[in-house]
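Here's the structure we're looking at; comments come further down.
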Amino acid sequence: LAELVLETWDLQCERNGREHRTAEMCGQQLVVRRGQPFAIALRFSGRPFQEGVDKLAFDIETGPCPIETSGTKSHFALTDVPEEAAWSAVLQEQDGDSVLVSLCSPPNARVGRYGLTVEISTGYEGSSYHIGHFVLLFNAWHPEDAVFLREEEERREYILSQQGLIYQGSSDYITSIPWNFGQFEDGILPICLELLDTNPKFLRDQDRDCSRRNDPVYIGRVVSAMVNCNDEDRGVLAGRWDNQYGDGMSPMAWIGSVDILKRWKKLGCQPVKYGQCWVFAAVACTVMRCLGIPSRVVTNYNSAHDTNGNLVIDRYLSETGQEERRSRDMIWNFHCWVESWMARPDLAPGYDGWQALDPTPQEKSEGVFCCGPAPVRAVKEGDLQLRFDIPFVFAEVNADVVYWVVGNDGTQKKTTRSSVVGKSISTKSVGKDSREDITHTYKYPEGSAEEREVFAKAEHERSSLQQEDEGLHLRIKLSDGANNGCDFDVFAVVSNNSGTERLCRLMLCARTASYNGTVGPQCGMKDLPDLTLEPWAEQRVPLHILYQDYGENLTQDNFIKVVALLTEYQTGDVVVAVRDILVQNPEIKIRV
């Protein structure tokens, strides 16, 4: 029997693109959604394919180090019946020298760019052909996919729609701006995949990162971190709030995500200047929709930034009613973040659905440079202990505002609490250009018994969370000479209050920061990826902060914010310490 030779092949981009709703992305390469079959045509020379005599098998690989056990590599032979939980290939039809083969991934396959190889063997003779690449995306149309969305109208709005509205203004005067998400425009998909390959988790452990790309929760967390550049992670956008935009674009000037993502790529993955909350949220929404995760931009009015985690925004007034700045808690007119739709198998039942992701850097839970995904249901119910970053999002929409009247003698008198935070939470309606109010998904009606109940539960959980002895403790100390100006040292003091050795990563970062919470450039950084903590021991890790690195970035209001982040590898637990130093140039005083 003559050898079976593969002469030509066709990945059927047009047909598959139409069936997988990826046609606009299929200009350069095949793009398909997971769990759904796609057809490829193989044409042989010499003789036709003979079932039972010739064997066909396929290899797919993704990432730089594909491994079967990590789900980034698979070898599968032609079968009669597709297998639900694994990659499969089924002979669909045969016409003379050509066969049409239907390939299908499991609905929990890793997303990303794959290489495809076909192996042909007859008896002991065989040859293999690399027949190209394809990109695999999440599939909201597949009931077994973690991002499955039931309503077709919603899938069209939250995955396929490239135009949207973002709400701004104030709760009394809501305005909207149009935005071009442009997730299917030329070159955007490769940029989104490059963003995944630029993230620090990939650079630290490529195999582990690629093996976790089947999970929209993980992808959401990565995207939330990568849209901003507040880690030294080559993020997409630099944030700026001081009206000094001369060396870049004003955040108000952008009208879509495409230009931003293309500039980031053109700059060699260096941050694009400048973004504010709606720009960060819109770019994250583009990336998530591009990867196939249903997403929308939401706007919260009177959005609280509760810096000390007590769920209360303290405002201080003189006896004549003038506001005094004694608290670093803030309320912003509006703040935007992203919601993405996904299952949460990592949590107890009941938390699937919309998850809040906040990619804006300076407004994150203390020291963690990505926020979410936080189940919106957990925010409504006050379940602060669940992952990820729920206390911060809860405070954004629920913090109570307490006004204190400060007498001339310095005494403080507490006035009644008022509920102004978390108003008119808004997103674009499905299928039309009107506003949908989704406040009820985040909170019970103001003043209702349920609302007070949830707030009391959250306060209780917050205090018990703070009292928990995690075994690892972290605090930031200042050197004695810190108030003498110029260069100074800070120390991360790490304690292991347990009987077992702990292997951790410690990151220490210092940044200039202004009174409204906006963070400026970094002025000190230390990353110790392998810190071994002996049982019942304490270590001091110094960070030297040089005047030459921070001096020119200070204004008279500026702080230096020092953040220490301790991550234990075995549990994934993170301990954070934050300390603000008030700098009076060149004198340094500690703000207690």
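The values are calculated or read from the model by the stated rules, or taken from the named source; none is laboratory data. Bear in mind that the values here come from a model prediction, so they are computed numbers and not experimental data. Every residue, glycine as well, gets a Cβ built from its backbone with ideal geometry; the counts of neighbours run over all protein chains shown. Only protein heavy atoms, including side chains, enter the accessible area calculation; ligands, DNA and RNA are left aside. Shrake-Rupley method; radii C 1.70, N 1.55, O 1.52, S 1.80 Å.
Compute the separation of the alpha-carbon centres of segment 86-146 and segment 55-78 and state it in Å as a whole number.
10
DSSP beta bridges in segment 152-457, what fraction antiparallel, as a percent rounded to 5?
Given both bridge residues lie in segment 152-457, the antiparallel proportion sits at roughly 75 percent.
According to the square roots a ≥ b ≥ c of the eigenvalues of the Cα gyration tensor, what is the shape class of segment 36-119, taking rounded for a/c under 1.5, prolate for a/b larger than b/c otherwise, and oblate for the remainder?
In terms of gyration-tensor shape, prolate.
How much length is gained on full extension from Glu125 to Asn243, taking 0.36 nm per residue of separation minus their Cα-Cα distance?
35.5 nm
Label Leu478 and Val493 with points 7 Å out from Cα along Cα→Cβ: what is the distance between them in nm?
Here the answer is 1.5 nm between the modelled labels.
Measuring from label point to label point, each 7 Å out along Cα→Cβ, what is the Tyr173 to Val576 span in nm?
The two pseudo-label positions are separated by 3.4 nm.
In whole percent, and with a 1.4 Å probe on the protein chains, what portion of the accessible area of the chain is carbon and sulfur?
That fraction is 48 percent.
Any idea what angle helix 216-226 forms with the longest principal axis of the chain, computed on alpha-carbon atoms, 0 to 90 degrees, nearest 10?
Taking Cα atoms only, the helix is inclined about 60 degrees.
What is the angle, in °, between the Cα long axis of helix 188-198 and the longest principal axis of the Cα atoms in the chain? Nearest 10 is fine, range 0 to 90.
The angle comes out near 60 degrees.
Can you send over the solvent-accessible area of His130, 1.4 Å probe, protein chains only, in Å² to the nearest 10?
100
Let me check against my output: what whole-number percent is the relative contact order of the chain, with C-alpha pairs under 8 Å and at least 6 apart?
9
If you line up the Cα atoms of segment 1-65 on their principal axes, what length do they span on each, largest first, in Å?
Result, largest extent first: 43, 30, 21 Å.
Quick one: what are the phi-derived ³J(HN,Hα) couplings along segment 561-573, Karplus 6.51/-1.76/1.60 with θ = phi - 60°, whole Hz, x for glycine and proline?
So the Karplus estimates, Gly and Pro as x, are 9, 10, 10, 10, 10, 10, 10, 8, 5, 5, 9, x, 5 Hz.
Round to the nearest 10 and report in Å² the accessible area of Lys561, as given by a 1.4 Å probe over the protein chains' heavy atoms.
40
Provide the gained length on full extension for the span Gln92 to Glu450, in nm with one decimal, where the gain is 0.36 nm per separating residue minus the Cα-Cα distance.
Length gained, Gln92 through Glu450: 123.2 nm.
Rounded to the nearest 0.05, what FRET efficiency do Asp346 and Trp404 give with R0 = 35 Å and r taken as the Cβ-Cβ distance? Could you check?
That gives a FRET efficiency of 0.30.
Return the ratio Rg/(2.2 N^0.38 Å) for segment 215-318, where Rg is computed over Cα atoms only.
Dividing the Cα Rg of segment 215-318 by 2.2 N^0.38 Å gives 1.22.
In the calculated pair distance distribution of segment 195-236, what percentage of Cα-Cα distances lie above 12 Å?
On the way: 460 of 861 pairs.
When every Cα pair of segment 195-236 is considered, 53 percent fall beyond 12 Å.
Using helices alone, what [θ] at 222 nm do you get for the chain, with -39,500 (n - 2.57) per DSSP H run of 4 or more residues, divided over all residues and rounded to the nearest 500?
-5000 deg cm²/dmol
Nearest 10 degrees is fine. How inclined is helix 277-291 to the longest principal axis of the chain, computing both from alpha carbons?
20
On the principal axes of its Cα set, how long, how wide and how thick is the chain? Give whole Å, largest value first.
Here the Cα extents, ordered largest to smallest, are 102, 55, 48 Å.
Which Rg and Dmax, in Å, describe the Cα atoms of segment 107-172?
20.7, 77
List the extent of the Cα atoms of segment 152-457 along each of their three principal axes, largest first, rounded to whole Å.
Its Cα atoms span 63, 49, 42 Å along the three principal axes.
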